[in-house]
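Computed from the coordinates by the stated procedures, all read-outs in this text should not be read as laboratory data. All values reported here derive from a predicted model rather than from experimental measurement. Cβ placement follows ideal geometry from the backbone for every residue including glycine, while neighbour counts extend to all protein chains displayed.
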Amino acid sequence: MATVSTRAAENDAAALAQDPRVARSLDWLAKNLDWVTGQHVRISEIPAPEFAEGKRAAAYGTLLESCGLKVKTDGTGNVIAERPGATRDDVILIAAHLDTVFPAGTDVRVKRSGRRLEGPGIADNGAGLAAVLAVARALQEARVKTEMTIVFAGDVGEEGEGNLRGIRALVESYGSRLRAVIAVDGAAPEQIGPVLAEHRVIVYELVSESTDLESVFLSLTAPGQGGAATPPGTAPPVPSTGWTESPPP
Ligand SMILES: [Zn+2]
């Protein structure tokens, strides 16, 4: 059985979207937004101040496990789920940070107002965590086979004093096997693009919301597209869910 290439230079995202397995994944995403939103709320309501991400990390690991992925935690506290491809020598890392800027004791309950969600960290980075989880599950549900191994991760220590220690540890750990890193952070889907390149790794700040899962998915399956937004002519966007970040106390 042919694999869906994540090598991508030769692939074009619009064509990939037509691939029956990719189309199945996108279809799953479109039909399961309520599930994604539910996990988004659930994740956001678990406090995860800097250096105290453990509880959220454990819950996130359970969610990745429920997608049928093997989950481990590294020495830094990152939650990691590897989805083996045809080769384990080439790896794409798609990560969202677990920590928030809100101190312990902050009321992190999410308020719903129609389709609008409000709460501390709901965008940064509940949205990113939900998007990464959704992409993992969509690939699993559609049984998409990839050429490269995909590593889904919830990383610790992104904010402030954390100084990116989680993502640094991941990049260090996968080293020369890394072909791309996609960091999903926040909720401004117009800001998609490479922001940093170091150690042979292109890091994409793929700022996303669950309404933009298709872009995340296509970026993942076609990293050569430079994390481009959904090309014209592909499936219509799913209805928008807005959310508002509460200001820090
Ligand atoms: Zn962030």
Find, to one decimal place in angstroms, the Kirkwood hydrodynamic radius of the stretch 112-151, where the mean of 1/r is taken over every pair of different Cα atoms and then inverted. 12.1 Å
Between residue 116 and residue 31, take the C-beta separation as r, use R0 = 25 Å, and let me know the FRET efficiency to the nearest 0.05. 0.70
Mind ranking 91-104, 124-137 by how tightly packed they are, going by the mean number of other C-beta atoms within 10 angstrom, highest first? 124-137, 91-104
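So, by mean Cβ neighbours within 10 angstrom, what's the order for 72-80, 37-45 with the highest one leading? Working shown, then result.
Values: 72-80: 17.8, 37-45: 20.3.
Going from most to least packed, we get 37-45, 72-80.
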By the Cα gyration tensor axes a ≥ b ≥ c (a/c under 1.5 gives rounded; else a/b larger than b/c gives prolate, otherwise oblate), the shape of the stretch 79-161 is oblate
Once both labels are modelled 7 Å past Cα along the beta-carbon direction, what's the residue 24-residue 55 spacing in nm? 3.9 nm
